[in-house]
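The values are calculated or read from the model by the stated rules, or taken from the named source; none is laboratory data. Since we're looking at a predicted model, the values are computed, not measured. Glycine also receives a Cβ, built like all others from the backbone with ideal geometry; neighbour counts cover every protein chain displayed. Accessible surface is based on the protein model in full, side chains and every heavy atom, while ligands, DNA and RNA are left aside. Shrake-Rupley method; radii C 1.70, N 1.55, O 1.52, S 1.80 Å.
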Amino acid sequence: MPVNSQSKVMTAREAVARFVAPGCVLGMGGQNVGRIPMALTHEILRQGIGGLTILGCNLSIAMDLLVGAGLVRRTESGTGNLERFGTTFQWRRAIEAGVLQHRDYSHLAMVSRFLAGEMGLPFMPTKSLLGSDILNKHPDGGDGYVLMDNPWGEHEPVALLPAACPDVAIIHAQRADELGNVIIEGFAAHDVEMVRASRAAIVSCEEVVSSEETRRRPELTAIPYLYVSAVVEQPFGGHPTSVYRAYDFDSDHLTHYQACAREGGQMYQKYLERYVLGCDGFDDYLERIGGVKRLHALRQAMQGMM
Amino acid sequence: MTVDAPISTDYTANELMVIEASRHINDGDMVLAGTGMPLIAITLAQKSHAPHLCAVVETGIIDPELLPSPVSVSDPRIQYRAVKLGSLRDALACVLQRGMIDIGMIGGAQIDQFANVNSTVIGDYAAPRVRFPGSGGANDVASHSRRLLIITRHEKRRFPERVDYITSPGYIDGPDGRRKAGLPTPQQDITIVTDLCVMEIDKGVGRLKVAALMPGVTLDRVLDNTLFKPLVAERLAQVEPPSEEYIRILREEVDPQRVYFRGAGEG
């Protein structure tokens, strides 16, 4: 596995081909309209890697794209949505049509499952979910959770949830060095727990920096290279979602995606073709959504908030 | 900026709903708010009567200055000048589950007579007619907050006798419901603020009671728009209309881009 002398920098194409296998359990980082690994997701779409099980806390546009392209068998999460931009329509439709399995948890429940995974434990207790149908109607019954009383307390039940250990995690961050040390700015969501719980991880980033920089300020490292398999440099790799300090989310494009996802059918296929499948990589996509001018405006919008 | 201020005559039902919700936040409260109207209500509270509230947002944001018109719990507009930008675990486990949240605020698609909230499915869970986004942090907020406040539009279909799916537990099936389930806040205060009224949980029976009506709204109108039969307070209060100053703050400082509110008379 990882050594501290070998560069893991590669293209998205190479990283996805090497580490994302058909039928694998894929962990997804980011939340809603923040720091979603869009460039890596587009690459999975272009390579048509199917039969996926997707895990996350909130799953949003990246998951919706993979579901819409028919590449997903099952999802496990606290939510599928884009908040003010609406629900994840392709996901919703697939569940309503009975073609996608889904397992409901809360956000704390999912992050607790990743926490168990990253600490090498088989399960994690939580005091969330008690009395709810997330437990009482759990499709896996006793395989999905176990209730037990605190052995040292009186009527203090907890729900034990199984560890979540994805085969591969994908996240997008502000910076990583060539070895795979990752710096996350702004909120971290569940990314750190999830990456450390996963058997492999691909990190795309706005900028690859030198590991000399990491060693000068090691306290800034959110995830050390031990857990990271590949580093992909992709500026604006989270578009149309936001990346803290780098750029704001792209309301216009999110609204356009949501309209296509809601409409479905040909309109959705056209979106996939125009913005993903017909693109020669993510830089080509960035040209198609408005290029330098648009991206500059999103950068300025973020700077205005700093 | 209280009762002495001039009373506004130019406001919408949605605006008063959010203002009334914000009144339940005390200065100095530690608040965890979900996306949408709850985020707007805490932004308003921070800019008016509760400048010292400590907002905690589930994505890991602790005590930010809330900028106008946030649309998501991942929006950079709610990360400004925070004291910590951490993880979901920092917010939901180390603050919320740890028992530190005074008041949690969520929305919901369906709320029943026991204040159980459904944000998961309409119909059979195994074969849903309509699939909603799911719990998110709502189950966690409903499980662990000392006080729970739910903001929602008052429509008949949103208030069934029993929710199709308990995403976030209220009193579950009666006064002992939370205790029997082992929830850490068995005697939680629960308030529902809608565009028609304010309901509160009656802990003696574990059911919702209409406590106050919005100005100009009759009790019959509330009952006509509620599928379950709520209890009714003996002395039914009227929600105070907003001051001009609150309306100004809401329109100019909280949602100047009108992401959440259109003009007066529009909704």
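When the residues of segment A:125-141 are narrowed to those that are surrounded by fewer than 19 Cβ atoms within 10 Å (Cβ to Cβ) and at pLDDT 95 or above, which ends up farthest from the other protein chains (Cβ to nearest Cβ)?
A:Pro125
Give me a count of the residues in segment A:276-306 that are loosely packed, with under 12 Cβ neighbours inside 10 Å, assigned to a helix (DSSP H, G or I) and among the small types (Gly, Ala, Ser).
1
Residue-wise test of (1) within 29 Å of B:Pro186 (Cβ to Cβ); (2) facing another protein chain (nearest Cβ under 10 Å).
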{"site": "B:Leu53", "(1), (2)": "yes, no"}
{"site": "B:Val73", "(1), (2)": "yes, yes"}
{"site": "B:Lys84", "(1), (2)": "no, yes"}
{"site": "B:Ala93", "(1), (2)": "yes, yes"}
{"site": "B:Gly99", "(1), (2)": "yes, yes"}
{"site": "B:Gly104", "(1), (2)": "yes, no"}
{"site": "B:Gly107", "(1), (2)": "yes, no"}
{"site": "B:Gln110", "(1), (2)": "yes, no"}
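Give all pairs with beta carbons closer than 8 Å in which a residue from segment A:251-271 that is open to solvent by 100 Å² or more (accessible area, probe 1.4 Å) meets a residue that is at pLDDT below 95; count only pairs at least 6 apart in sequence or on separate chains.
What qualifies is A:Arg262/A:Gly86.
Any residue at all in segment B:78-95 that is touching a residue at least 40 places away in the same chain (Cβ under 8 Å) and surrounded by fewer than 24 Cβ atoms within 10 Å (Cβ to Cβ)?
yes
Scan segment B:34-62 and report the pairs whose first residue is closer than 28 Å to A:Cys57 by Cα and whose second residue is open to solvent by 10 Å² or more (accessible area, probe 1.4 Å) and of a type in the set (Lys, Arg), with Cβ atoms within less than 6 Å and a gap of 6+ or a chain change.
B:Ile62/B:Lys84
Please specify each residue of segment A:224-250 satisfying the condition of being open to solvent by less than 70 Å² (accessible area, probe 1.4 Å), within 25 Å of B:Ser72 (Cα to Cα) and not small (Gly, Ala, Ser).
A:Gln234, A:Pro235, A:Phe236, A:His239, A:Pro240, A:Thr241, A:Val243, A:Tyr244, A:Tyr247, A:Asp248, A:Phe249, A:Asp250
Residue check: is B:Lys209 within 14 Å of another protein chain (Cβ to nearest Cβ), open to solvent by 60 Å² or more (accessible area, probe 1.4 Å) and farther than 17 Å from B:Ala109 by Cα?
Taking the combined requirement at face value, the residue does not satisfy it.
Please give the strands (runs of 3 or more DSSP E) falling wholly within segment A:141-206 in which 2 or more residues are among the small types (Gly, Ala, Ser), within 18 Å of A:Thr241 (Cβ to Cβ) and in contact with a helix residue (DSSP H, G or I) (Cβ under 9 Å, 6 or more places away or on another chain).
A:168-177
Out of all the residues in segment A:1-18, which are small (Gly, Ala, Ser), surrounded by fewer than 24 Cβ atoms within 10 Å (Cβ to Cβ) and touching a helix residue (DSSP H, G or I) at 6+ places or on another chain (Cβ under 7 Å)?
Matches in segment A:1-18: A:Ala17 only.
So B:Ile166 clears everything in (1) surrounded by fewer than 17 Cβ atoms within 10 Å (Cβ to Cβ); (2) at pLDDT 95 or above except one condition, right? Which one?
(1)
Tell me yes or no: at least one residue of segment B:108-124 is open to solvent by 40 Å² or more (accessible area, probe 1.4 Å), at pLDDT 95 or above and not small (Gly, Ala, Ser).
There is at least one residue in segment B:108-124 that is open to solvent by 40 Å² or more (accessible area, probe 1.4 Å), at pLDDT 95 or above and not small (Gly, Ala, Ser).
Evaluate segment B:185-200: report whether one residue or more is surrounded by fewer than 19 Cβ atoms within 10 Å (Cβ to Cβ), more than 14 Å from chain A (Cβ to nearest Cβ) and of a type in the set (A, V, I, L, M, F, W, C).
Checking segment B:185-200: not a single residue is surrounded by fewer than 19 Cβ atoms within 10 Å (Cβ to Cβ), more than 14 Å from chain A (Cβ to nearest Cβ) and of a type in the set (A, V, I, L, M, F, W, C).
Name the pairs: first residue in segment A:80-109 and more than 8 Å from every other protein chain (Cβ to nearest Cβ), second residue open to solvent by 30 Å² or more (accessible area, probe 1.4 Å) and not in a loop (DSSP other than H, G, I, E, B), Cβ to Cβ under 6 Å, at least 6 apart or on different chains?
A:Phe89/A:Arg262; A:Gln101/A:Arg74
What are the pairs, 6+ residues apart or on separate chains, where a residue within segment B:175-194 that is more than 27 Å from B:Leu213 (Cβ to Cβ) and of a type in the set (Asp, Glu) has its Cβ under 9 Å from a residue that is part of a loop (DSSP other than H, G, I, E, B) and open to solvent by 20 Å² or more (accessible area, probe 1.4 Å)?
B:Asp176/B:Pro186
Does segment B:119-137 contain at least one residue that is touching a helix residue (DSSP H, G or I) at 6+ places or on another chain (Cβ under 7 Å) and more than 8 Å from chain A (Cβ to nearest Cβ)?
yes
For segment A:212-238, which positions are within 14 Å of chain B (Cβ to nearest Cβ) and either within 15 Å of A:Arg299 (Cα to Cα) or aromatic (Phe, Trp, Tyr) (or both)?
A:Gly238
Got a sec? Which of A:Gly120, A:Gly144, A:Gly153 is more than 9 Å from chain B (Cβ to nearest Cβ) and touching a strand residue (DSSP E or B) at 6+ places or on another chain (Cβ under 9 Å)?
From the options A:Gly120, A:Gly144, A:Gly153, the qualifying one is A:Gly144.
Could you check segment A:163-198 and list, in sequence order, the residues that are away from every other protein chain (no Cβ under 13 Å) and touching a Pro at 6+ places or on another chain (Cβ under 7 Å)?
The answer is A:Ala163, A:Ile170, A:Gly180, A:Asn181, A:Ser198.
Does segment B:245-258 contain any residue that is at pLDDT below 95, in contact with a helix residue (DSSP H, G or I) (Cβ under 9 Å, 6 or more places away or on another chain) and not in a helix (DSSP H, G or I)?
Within segment B:245-258, one or more residues are at pLDDT below 95, in contact with a helix residue (DSSP H, G or I) (Cβ under 9 Å, 6 or more places away or on another chain) and not in a helix (DSSP H, G or I).
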